[in-house]
Amino acid sequence: MFRSGPSRQRAGGKADDVYLRELGYEPVLTRRMGPFGNFAISFSVISVLSGCMTLYGFGLGTGGPAVMMWGWLAVGLMVMLVGAGLAEVTSAYPTSGALYYQAEQLGGRKWGWYTGWLNLLGLLGAIAGIDYGAALFTGAFLNLQFGFVPTPGKILAIYVCILALHATLNLFGVRLVSILNSISVWWHLGGVALIVGVLAIVPSHHQDPTFVFGEFVNDTGWSSSLYVVLIGLLLAQYTFSGYDASAHLSEETTNAQVSASRGIVRAIGWSWLAGFVLLAGLTFAIQDYTATQATATGVPPAQIFLDAIGLAGAKALLLVVIVAQLFCGNAETAAASRMVFAFSRDGALPGSHLWRHVDARSGTPTRAVWLSVGVAAVLALPSLYSPTAYAAVTAINVIGITPAYAIPIYLRVRNRHRFQPGPWNLGRWGVPVGVVAVAWVAFVTVLFCLPQTRPDSGLVSVTTFNYAPIALLVVLVLASVWWRVAGRDYTVPAAVADANSGMAEIQEEVV
C-alpha cells in the first residue's frame, strides 16, 4: 500500500532546500535531522510510557482490561490509516507549518487558518498535558522516596521546572533535539521491555488470559455496555496523538519528502506494538484491582509496581517512566515551537515578527520555544484551584489536534484530481484510506465530547461535565475573532505549479 519513488535515493539537503523554495519558503532552519531522528520525534511524542501510564487508571473503570487490550488494537489500526493519509499529504508539502500549510494549498486561506489554530492550540495543550503528567509522576516518586506531599502548588512548581528544562534543551538546536529523540526511542523500547520483563518474572501471582482479554469493568455509572466500550477507546486515542511532529520538523530533516512521511507511519507502528505489550504486562501483574484503582499514590501503575515487586522496585520503574515522559515533553516542545515559528512566518499570530525570529548560531526559533513553554505554563495555572478546570484546558490538546489531522486528508480526497502526490504515496489506495481516516476522526471527535461518567444524582455537575466541546468552541471562536482582526496579514506562499515536476528536475541536477 505504501510506496516511495526514486527520489528517496536522490534527494539530499540541496534538493530539499530547492524544493522548499518551490513551495514558497526560503530555508532558514538548520537541516541536521536524519530519517531516524525524524521518526524518533513522533515516536517520542506519542510516548506509550507517558500516555498509557497516565491514562491507565481511566481505562480501569471505562471497560477494564478487555476494552483496554482490544481497544488498543482496533484504535491503532484506525490511527495507522489516519497517519498514512497524513503522511501522503506531508510528502507533497514538507513544511514546518505542516497541517495548516497543506490545508491552505488544497482548500484555501480559511481552511489553512482554522486548521492552523486547531493544530497550534492542540500542540500547546499537549505540552501542558505531557509535562504536567510528568510532574504528577515525579510527585508520586518523591512521595515514595521522601514522604513528599504532592499538593497542587508543589506539583505546579515541579511542572514549571520541567518546562524550563525543555526550553533550555531546545535552545541548543535541532541536532541536540535529534540526539535526545534517538536516545528516547531506545529508552522507550528498553523501558517497556524492562517493565514488562520485571512484572512477568518477579510477582508470584499473575492474572490469567481470560481476565486480561475478557474482563469487563464499568465504573462510569452508565448502564449501556456499548457506550462504556466506546468511551474506553479514548485511552488509546488520547495516546495516539502528536505524530504530526515529523511533519513540523520536515524543514530540518534531510530527504524530507520521504523521511517525514515514513517517520509518521513508523512511529505509529512501533508505538502500536510497544503499547500493546506494555498494557498486557501491566494488566497481567495486577494483584488487587480495587486497591489499584483507589491507590493513595494517585497513579494506578505505581500501585501495580508496589504490589507486584515492592517499594524499591516500584521506585526504579517509576524513574524509567518519568525519564520517558521528560523525553516526550522535550520532543513536543520542539514540534510546538516549529508550529509557532511557521504560523508567525505567515503572519497568523499576534506579534508574528517576534516569534518568527531564528537564532543565527543555533538555527533554532528560540523565541518560539519560549512562547510555547510560556503558554503551557499559563494553561496549567487553573490546576491550583481545580483539577476539573485543568482537565478542561488540556482538552484543547485532543479536541484541537485530532480534527486538524483530518482536514488536509479530507481536502486531498475532495480535490483528488488536482492533488499531486509526493514520492511517498498510497497510489490508488489514497482516496479509500483518506475516506476511512476522515470518518474515523469525525467519530472519535464525537466521542471526545461525550460525558465520560454519570453522576450519582443523574445531573451533570461542574466536576462531571466533559469540557472538551467547550474547548473546541473556544478555539473556533478565538480563531474567528482573530481572523477578523488580523486575517488580512495572513499570507501563505502559493506553491509553484507542478512542483513535483520541478522536484524531478532538481533530482537530475543533484545526480
With everything on Cα atoms, drop me the angle between helix 387-414 and the longest principal axis of the chain, reported from 0 to 90° to the nearest 10. 40
Counting Lys and Arg as +1 and Asp and Glu as -1 over every other residue whose Cβ sits under 15 Å from the Cβ of residue 293, the net charge comes to -4
What the 20 Å binned alpha carbon P(r) of the chain shows, as percent of pairs per bin from 0, is 24, 58, 18, 0
Helix 64-92: inclination vs the chain longest Cα principal axis, degrees, rounded to 10, gives 10
Relative contact order of the chain, defined on C-alpha pairs under 8 angstrom at six or more residues apart (%): 34
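With viscosity set to 0.692 mPa s at 37 °C, what whole-number translational diffusion coefficient in µm²/s follows for region 164-290 from Stokes-Einstein and a Kirkwood radius over Cα pairs? List each step's numbers first, then the result.
Values: Rh = 17.8 Å.
Value of D from the Cα-based Kirkwood radius: 184 µm²/s.
Using 0.36 nm per residue, how much length does the chain from residue 171 to residue 381 gain when fully extended, once their Cα-Cα distance is taken away? Kindly include the intermediate steps, with their values, before the conclusion.
On the way: separation 210, 0.36 × 210 = 75.60 nm, distance 2.44 nm.
Using 0.36 nm per residue and subtracting the Cα-Cα distance, I get 73.2 nm.
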Expressed in nanometres to one decimal, the distance between label points 7 Å along Cα→Cβ at residue 449 and residue 293 is 2.9
Distance between region 202-256 and region 25-55 - C-alpha centres, whole angstrom: 20
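Using a Förster distance of 25 Å, how high is the FRET efficiency between residue 109 and residue 470, based on the Cβ-Cβ distance and rounded to 0.05?
Using R0 = 25 Å, I get an efficiency of 0.40.
Magnitude of the Cβ-charge dipole of the chain, K/R +1 and D/E -1, about the Cα centre, nearest 20 debye?
820
Bear in mind these aren't lab numbers, they're just calculated from the coordinates by the rules spelled out. On a predicted model such as this, the values are computed, not experimentally measured, just so you know. Here the Cβ is made from the backbone with ideal geometry for all residues, glycine too, and neighbour counts use every protein chain on show.
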